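Read the structure below first, then the notes.
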Amino acid sequence: MKKFAIAGAAAALFVVPAAANAQAWVQAETGLDIISVGGESDEGVSYGASVGYDVALSGGMFVGIQGTVADSSTKECARDVDVAGDKLCVKTGRDLAAVVRLGTNVGESTKLYVLGGYANGRVRLTYTDGVDSTSIGDNGDGFRLGAGAQYTLSNNMFVKGEYRYTNYESDFSRHNVLVGLGFQF
């Protein structure tokens, strides 16, 4: 029993400093969204929000988690695909992600980081032949990789720039170049 108490006390010594240096944050983000489906690509505007939690490590390093909910204006339509007058459209929908961030502090105000994790995106396909319309949607699971820089403006406000590459199943991928404005707690 005494061994467990000593082990618990030792673990607490490491957890307390990490918790004291932990930082929760929330941000609004927007930027360029380039999707690629089957070799064809189009671009639009991505917009959304992320929340996260960073924990300081030794040597100016940090590790954190980030959750993102986003949407996009990206839509591509083609006419006369099967018959004269028909229309086929593909539109991206919501984009969800849960990633881990690993980075370093550069000076007093700047963080550089890489990220990686799980992503889930929605795409909707609509076909109209001039008389009838059909619409189907599908979700794609995949992975996200990225890198970014974050600059502290004040005690609780920051701006960031971030690049993200997301690869979903079925030959569907996305590139984002984003800017964000956030608040730390």
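Observations
- Helix-only CD estimate at 222 nm, as mean residue ellipticity for the chain, using -39500 (n - 2.57) per DSSP H run (n ≥ 4): -3500 deg cm²/dmol
- Computed from the C-alpha gyration tensor, the three semi-axes of the ellipsoid equivalent to the stretch 23-109 are 39, 12, 10 Å, from longest to shortest.
- For the chain, built as a Gaussian network whose Cα springs stay under 10 Å, the top-fluctuating residue of Leu112, Leu88, Leu32: Leu88
- Once Cα extents along the principal axes in Å is calculated for the structure shown, the corresponding label among [x] 62, 53, 25; [y] 79, 43, 24; [z] 39, 37, 29 turns out to be [y].
- Top of Thr134, Thr166, Thr74 by mean-square fluctuation, Gaussian network on the chain, Cα under 10 Å: Thr134
- Using alpha-carbon coordinates, inclination of helix 2-20 to the longest axis of the chain, degrees: 60
Since every read-out is calculated from the coordinates, none of them should be taken as a lab result. In this text the structure is predicted, and so the values were computed from the model without any measurement.
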